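*Asks:* First the structure, then my questions, so here it is.
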Amino acid sequence: MSRQKVFWYLAAVCAVAGTLLNRVSGVRFTALLFWCACGALICYAFLDLAAAKRRWAVWCRRILTGVIALGFAFFLVIETIVLRGAQGDADGAEASCVLILGAGVNGTVPSLTLRTRLDAALDYLADKPDIPVIVSGCQGQGEDITEAECMARYLTAHGLDASRIRKEERATSTRTNFVYTLALLPELGIDPAQPFVFVTSDYHVARANYITKKLGMTEENAHAVAAKMPRGAYYALLNANFSVREAFALANEMLLGVDLDI
């Protein structure tokens, strides 16, 4: 089998895989990556065909190979940071308040990601009856209420006293979750320099910690509770998709300084 045929067959496999994954709710980012791989393989097939007669095609193929190799190596480094950082450090930490970072809302119902964060927060708060809770997140596309309102409803429905909850409803990103919450703390009689705990998904902890440090906080200021997906093959697929997607978001934050919640 010629090399061009191998490229075409692999491109077809990636196209089919991307199409199938695109039908699975929650893993469309991985589907997009398969389609990108399909496009790259098609480029390789054409360049390999042209390389027999055109010198420029040889150099284009080498450049494309180098760019993909460097990009993949950089991705592995960032993904390692995401996976190694996917754990909490809030156990035993003194906390002035608990901040729950928002995620998607389906109408008025918390998405799976948001529900795992809320359940993790409830577990953490079970033996801490006096710590105030801040829920942070605005109203996004497809959401009938703000993420903060959705979280407040869920927490009170599961036994948390409504008087403990303060809603921050302006934040549109991880960075603004922290910025607006820190600005809110003096209204609650809390010194922003005091340690606090934030709750987010395990794959998101590394980027959240990176952002807190850029905002001037130390490891003693901000402690994480890492919410995990339920067990099961589908949830493992979801978690893998989110972890890969998070690597791109963290790379964007590191390279461009833009907090892109994708």
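The values are calculated or read from the model by the stated rules, or taken from the named source; none is laboratory data. Please read these numbers as outputs of a predicted model, since none were measured by experiment. Neighbour counts are summed over all protein chains in view; Cβ atoms, including those assigned to glycine, are modelled from backbone coordinates with ideal geometry. Quick note on the areas: whole protein, heavy atoms, side chains included, nothing else; ligands and nucleic acids left out. Shrake-Rupley method; radii C 1.70, N 1.55, O 1.52, S 1.80 Å.
*Asks:* Say we look at region 178-204 and pick out the residues that are in contact with a strand residue (DSSP E or B) (Cβ under 6 Å, 6 or more places away or on another chain) and open to solvent by 10 Å² or more (accessible area, probe 1.4 Å); which of these is modelled with the lowest pLDDT?
*Replies:* L184
*Asks:* Could you grab the pairs with beta carbons closer than 7 Å, sequence gap of 6+ or different chains, first residue in region 171-199 and in contact (Cβ under 8 Å) with a residue 60 or more places away in the chain and part of a helix (DSSP H, G or I), second one among the acidic types (D, E) and open to solvent by 20 Å² or more (accessible area, probe 1.4 Å)?
*Replies:* T174/D259; T174/D261; R175/D259
*Asks:* Now for a different question. Among the residues of region 77-113, which ones are under 19 Å from I134 (Cβ atoms) and in a helix (DSSP H, G or I)?
*Replies:* Hit for region 77-113 is T113, nothing else.
*Asks:* If a residue has to be open to solvent by 10 Å² or more (accessible area, probe 1.4 Å) and either closer than 18 Å to N241 by Cα or assigned to a strand (DSSP E or B) (or both) to count, how many in region 208-224 make the cut? Don't jump to the end; show me each part of the working.
*Replies:* From region 208-224, those open to solvent by 10 Å² or more (accessible area, probe 1.4 Å) are 209-210, 213-221, 223; that's our starting set.
From what is left, the residues that are either closer than 18 Å to N241 by Cα or assigned to a strand (DSSP E or B) (or both) are 223.
So the answer is 1.
*Asks:* Go through region 150-177 and give me each residue that's more than 18 Å from A222 (Cα to Cα), among the small types (G, A, S) and out of contact with any strand residue (DSSP E or B) (no Cβ under 7 Å at 6 or more places or on another chain).
*Replies:* A157, G159, A162, S163, listed by residue number.
*Asks:* Considering only residues that are surrounded by 21 or more Cβ atoms within 10 Å (Cβ to Cβ) and either assigned to a strand (DSSP E or B) or not hydrophobic (A, V, I, L, M, F, W, C) (or both), which ones fall in region 114-123?
*Replies:* Across region 114-123, the qualifying residues are T116, R117.
*Asks:* How about region 202-242: which of its residues are more than 17 Å from V179 (Cβ to Cβ) and in contact with a helix residue (DSSP H, G or I) (Cβ under 6 Å, 6 or more places away or on another chain)?
*Replies:* Y203, A206, A224, V225, A226, A227, K228, M229, N241, F242
*Asks:* For region 158-177, give me the residue count where each residue is over 19 Å from I131 (Cβ atoms), of a type in the set (G, A, S) and open to solvent by 20 Å² or more (accessible area, probe 1.4 Å). Spell out how you get there, then give the answer.
*Replies:* We begin by selecting, within region 158-177, every residue over 19 Å from I131 (Cβ atoms); these are 169-176.
Imposing the further condition that a residue be of a type in the set (G, A, S) reduces the set to 171, 173.
The next check asks that each one be open to solvent by 20 Å² or more (accessible area, probe 1.4 Å); those that pass are none.
Summing the residues that are over 19 Å from I131 (Cβ atoms), of a type in the set (G, A, S) and open to solvent by 20 Å² or more (accessible area, probe 1.4 Å) in region 158-177 gives 0.
*Asks:* Now a separate question. If you go through region 29-61, how many residues are part of a helix (DSSP H, G or I), among the charged types (D, E, K, R) and open to solvent by 40 Å² or more (accessible area, probe 1.4 Å)?
*Replies:* 2
*Asks:* For residues in region 225-256 being without any contact (Cβ under 8 Å) to a residue 12 or more places away in the chain and outside any helix (DSSP H, G or I), which is most open to solvent (accessible area, probe 1.4 Å)?
*Replies:* Among residues in region 225-256 that are without any contact (Cβ under 8 Å) to a residue 12 or more places away in the chain and outside any helix (DSSP H, G or I), the one most open to solvent (accessible area, probe 1.4 Å) is R231.
*Asks:* Hey, could you check region 102-112 for residues that are within 19 Å of P230 (Cβ to Cβ) and touching a residue at least 60 places away in the same chain (Cβ under 8 Å) and say which is surrounded by the fewest Cβ atoms within 10 Å (Cβ to Cβ)?
*Replies:* It comes out as L112.
*Asks:* Take the residues in region 2-28 that are open to solvent by less than 40 Å² (accessible area, probe 1.4 Å) and in a helix (DSSP H, G or I), then tell me which one is farthest from L112 (Cα to Cα).
*Replies:* To start, the set of residues in region 2-28 that are open to solvent by less than 40 Å² (accessible area, probe 1.4 Å) comprises 7, 11, 14-15, 17-18, 21, 26-27.
Those still in the list that are in a helix (DSSP H, G or I) too: 7, 11, 14-15, 17-18, 21.
Values: F7: 38, A11: 33, C14: 28, A15: 28, A17: 24, G18: 23, L21: 18 Å.
The extreme case among them is F7.
*Asks:* So is Q141 among the polar types (S, T, N, Q), within 24 Å of the chain's Cα centre (by Cα), more than 22 Å from A227 (Cα to Cα) and in a loop (DSSP other than H, G, I, E, B) or not?
*Replies:* It is true that Q141 is among the polar types (S, T, N, Q), within 24 Å of the chain's Cα centre (by Cα), more than 22 Å from A227 (Cα to Cα) and in a loop (DSSP other than H, G, I, E, B).
*Asks:* Next up: Within the set of pairs 6 or more residues apart or between chains, which connect a residue that is touching a residue at least 60 places away in the same chain (Cβ under 8 Å) inside region 125-142 to a residue that is open to solvent by 60 Å² or more (accessible area, probe 1.4 Å) and outside any loop (DSSP other than H, G, I, E, B) with Cβ atoms less than 9 Å apart?
*Replies:* Partner pairs satisfying both residue conditions: none exist.
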